[in-house]
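J.: The structure's right below; bear with me while I get my questions together.
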Amino acid sequence: MTDPVAGPGPQAVADAVLAHPSVLRLDGGPFGSIASYLPGHRVQGVRLADPVEIAVVLRLGRPFAVVADEVADRVRAVLGDDTLAVDVTVADVGAAGGVEGPAAP
């Protein structure tokens, strides 16, 4: 796996995931446990471990399994390892253009 200090880290992964058109936001999961901690802040919804864990809130409209596979592919591309295990959790769903509640801490 890519070293977060030497190469793409949690923020680069988060940016790639958030760029997916079906992803509304990242989610920290139960008790905010899916997160990466960096100096001065944390990246919610991304944990670089084995396996990499991603938690997202998706727009309604596309099959969740397809979107989860696409998100995992984006993560692998950013981290430069196409064999990397990536677990994607769909924590919630929302309507496109709908009002979203506050992000979990």
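The values are calculated or read from the model by the stated rules, or taken from the named source; none is laboratory data. Just so you know, these numbers come straight off a predicted model, no measurement behind them. Heads up, the Cβs are rebuilt from the backbone with ideal geometry, glycines too, and the neighbour counts pull from every protein chain shown. SASA here: full protein model, heavy atoms, side chains in, ligands and nucleic acids out. Shrake-Rupley method; radii C 1.70, N 1.55, O 1.52, S 1.80 Å.
J.: Any idea which residue in the stretch 59-89 is surrounded by the most Cβ atoms within 10 Å (Cβ to Cβ), counting only those that are part of a strand (DSSP E or B) and hydrophobic (A, V, I, L, M, F, W, C)?
T.: Quick first cut of the stretch 59-89, residues part of a strand (DSSP E or B) only: 59, 86-89.
Filter again for hydrophobic (A, V, I, L, M, F, W, C), leaving 86, 88.
Numbers: V86: 19, V88: 23.
Applying the filter and picking the extreme gives V88.
J.: Mind listing whichever residues of the stretch 40-58 are on the phi < 0 side of the Ramachandran plot and assigned to a loop (DSSP other than H, G, I, E, B)?
T.: Taking the stretch 40-58 first, the residues on the phi < 0 side of the Ramachandran plot are 41-44, 46-58.
L48, A49, D50, P51 - these are the residues of the stretch 40-58 that are on the phi < 0 side of the Ramachandran plot and assigned to a loop (DSSP other than H, G, I, E, B).
J.: Further question: Select from the stretch 36-58 the residues that are of a type in the set (D, E, K, R) and in contact with a strand residue (DSSP E or B) (Cβ under 6 Å, 6 or more places away or on another chain) and write down the one among them that is surrounded by the fewest Cβ atoms within 10 Å (Cβ to Cβ). So that I can check it myself, show each step before the final result.
T.: Step one: of the stretch 36-58, the residues of a type in the set (D, E, K, R) are 42, 47, 50, 53.
Now drop any that are not in contact with a strand residue (DSSP E or B) (Cβ under 6 Å, 6 or more places away or on another chain), which leaves 42, 47, 53.
Values: R42: 14, R47: 21, E53: 21.
Here the residue is R42.
J.: For the stretch 26-67: of the residues being touching a helix residue (DSSP H, G or I) at 6+ places or on another chain (Cβ under 8 Å) and among the small types (G, A, S), which is nearest to A91 (Cα to Cα)?
T.: G45
J.: Could you say whether any residue in the stretch 16-25 is surrounded by fewer than 16 Cβ atoms within 10 Å (Cβ to Cβ), in contact with a helix residue (DSSP H, G or I) (Cβ under 9 Å, 6 or more places away or on another chain), modelled with pLDDT under 95 and not in a helix (DSSP H, G or I)?
T.: No; the residues of the stretch 16-25 include none that is surrounded by fewer than 16 Cβ atoms within 10 Å (Cβ to Cβ), in contact with a helix residue (DSSP H, G or I) (Cβ under 9 Å, 6 or more places away or on another chain), modelled with pLDDT under 95 and not in a helix (DSSP H, G or I).
J.: Here is a further query. Taking R59 as the residue in question, decide whether it is at pLDDT 95 or above and under 13 Å from the mean Cα position of the chain (by Cα). First the steps, then the outcome.
T.: Numbers: at pLDDT 95 or above: yes; under 13 Å from the mean Cα position of the chain (by Cα): no.
Here the answer is no, as R59 does not meet what is asked.
J.: Yes or no: the stretch 27-35 includes at least one residue that is touching an Asp or Glu at 6+ places or on another chain (Cβ under 6 Å), open to solvent by 10 Å² or more (accessible area, probe 1.4 Å) and of a type in the set (A, V, I, L, M).
T.: Restricting attention to the stretch 27-35, the residues satisfying the condition of being touching an Asp or Glu at 6+ places or on another chain (Cβ under 6 Å) are 34.
In the following step, the residues that additionally are open to solvent by 10 Å² or more (accessible area, probe 1.4 Å) were identified as 34.
Narrowing the set further to residues that are of a type in the set (A, V, I, L, M) leaves 34.
Yes, the stretch 27-35 has at least one match.
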